[in-house]
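Written below as structure tokens is the structure these notes are about.
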Amino acid sequence: MLTVAIRSSSNPRSVVRTLCGFFIKNMPQKIINELHAMLLEDQLALKEFVSDKIEKSKLQERVAKQTSRIKKIFKDFGGAKKKTDDTEAYKAMFILILHSGDVELMEKYLTWHRQSDIKEIELTDQAFLTDKIRVLSNQPQVYGTQYKIIDSEIVFLSIEDAQNVNRKRVLLGMGTLEEYKEGIQKLRNLSNK
């Protein structure tokens, strides 16, 4: 169903189109800047938590505050788009939603993502969203994006149909699970086990 609401204004940006409940319009620069700042805060909080500078409860407080704000932004503007809005704002919104731990928000964002123009999103992000939702829902992941590090070794969380995981990854433009593991090892400075 397509609904068009027109506000009484001569400004063309005042026309709001809603498709399947998601707003399709450019985000104001102020919101784009806010997304950039929120991502920096998110990454700093994670770094502080990993280095034992803040407690888990403090990290959870920060995440809850950011999740509340990102929900409002998503409700008002939909998802940030790479070309229409800003590539960094798109990535920021994706990461913030992924880190939120809010399954309902992730499911709404995944729906928006699947309905978006392929030029405005990263297809691989659907794999991360799908797996994160499934893991948080106590289900095996599909694409093998979720892992733990145990004794400096990468251990993938349960994968549904693991023998075909690389075929599924290729369909979304991802490398093999083995290549992904190598990349994580390099990024995290882990030995090859």
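The values are calculated or read from the model by the stated rules, or taken from the named source; none is laboratory data. On a predicted model such as this, the values are computed, not experimentally measured, just so you know. Note: areas computed on protein heavy atoms with side chains; ligands, DNA, RNA excluded. Shrake-Rupley method; radii C 1.70, N 1.55, O 1.52, S 1.80 Å.
Values as computed for the structure displayed
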quantity	calculated
Karplus-derived HN-Hα couplings along segment 158-173 (A = 6.51, B = -1.76, C = 1.60, θ = phi - 60°), whole Hz, x at Gly and Pro	3, 10, 6, 6, 4, 5, 10, 4, 5, 4, 5, 5, 4, 4, 9, x
Fluctuation leader among Asp151, Asp102, Asp131 - the chain, Gaussian network, Cα springs under 10 angstrom	Asp151
Centroid-to-centroid separation of segment 35-54 and segment 175-191 [C-alpha atoms, Å]	22 Å
GNM flexibility winner over the chain from Lys91, Lys53, Lys181 (Cα, springs under 10 Å)	Lys53
Accessible surface of the chain, 1.4 Å probe, proportion on carbon and sulfur as whole %	53 percent
Reachable lysines from Lys82, criterion Cα separation under 21 angstrom, eight or more residues apart if same chain	Lys25, Lys30, Lys71, Lys72, Lys91, Lys108, Lys119
Per residue, in Å², the accessible surface of the chain once ligands and nucleic acids are set aside, probe 1.4 Å	61 Å²
Contact order normalised by residue count of the chain, Cα under 8 Å, 6+ apart, percent	13 percent
Among Ser116, Ser51, Ser137, residue whose mean-square fluctuation peaks in a GNM of the chain (springs only between Cα atoms under 10 Å)	Ser51
